[in-house]
Amino acid sequence: VLSLVGSEMCIRDSNTFMRDRRVPRELQGRVREYYNYLWDSRMGQQGELLDDLPIPLHIEIALHLNRNLLRKVPLFENASESFLRELVLHLEPTVSIPGEDVVRRGEIGHRIYFINRGHVDVLGPDDATVVATLSDGDFFGEMALLSSRPRANTVRAVDYCNLYALGRDKFDQVLAAFPEFAAEVTRVADLRRVETEPDP
């Protein structure tokens, strides 16, 4: 996510670039809307602030912003405060634009997503029928942290969405430092596997 200064510069530079390359006006408008959204939502400002802070302050601010979000995830609801303090360092703010497929059915998942603001539709097997709509405080893609199985559903952004992503590699790093919680993750993964596997 761009900083606010970077966002303003990108708006100016992208306008020049698109005009010189004769990019269709409709597409130019979508690019401008994206940068304007970044500016208005201050998503870039948060990343810029946290990156410039000493680690202890970075953790405290990130915990303040994300603790409630993480506690809603069943996998994390009983996690220790020290575990959460380590985990929040690895959350990546990201923005999805309306109509974007954040995850696609059939792909191997490597991230879980937490919705800070916005709405996403969870699509059925036909990638058209909406089976659920998720919004602020919800999450999706958690099985990516527990297994290497293909994603079961496509999840599409309805509007502009402020999301936090947690990559599996970063999650595995945290687990290495918290072996007790790693054992709990293994237990949950085994249960989920049994629940989702078809009967013989």
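The values are calculated or read from the model by the stated rules, or taken from the named source; none is laboratory data. Small disclaimer: the values here were computed from a predicted structure and weren't measured. We place every Cβ from the backbone using ideal geometry, glycine too, and count neighbours over all the protein chains shown. Heads up: the accessible areas ignore ligands, DNA and RNA and are worked out on the full protein's heavy atoms, side chains in. Shrake-Rupley method; radii C 1.70, N 1.55, O 1.52, S 1.80 Å.
A simple packing score, the average count of other Cβ atoms within 10 Å per residue, orders the peptides 82-90, 61-69 as 82-90, 61-69, with the highest score first.
Of the accessible area of region 51-101, with the probe set at 1.4 angstrom, what percent is carbon plus sulfur?
Ligands and nucleic acids excluded, carbon and sulfur give 52 percent.
Each residue of region 168-176 was assigned a 3J(HN,Hα) from its phi angle through the Karplus expression (A = 6.51, B = -1.76, C = 1.60, θ = phi - 60°), giving 5, 5, 5, 4, 5, 4, 5, 4, 4 Hz with x at Gly and Pro. Legend: calculated FRET efficiency, residue 64 to residue 147, from the Cβ-Cβ distance at R0 = 30 Å, rounded to 0.05, equals 0.40.
Treating each Cα of region 63-200 as an identical point scatterer and ignoring solvent, apply the Debye formula and state log10 I(q)/I(0) at q = 0.15, 0.20 Å⁻¹. So the normalised log intensities work out to -0.75, -1.28.
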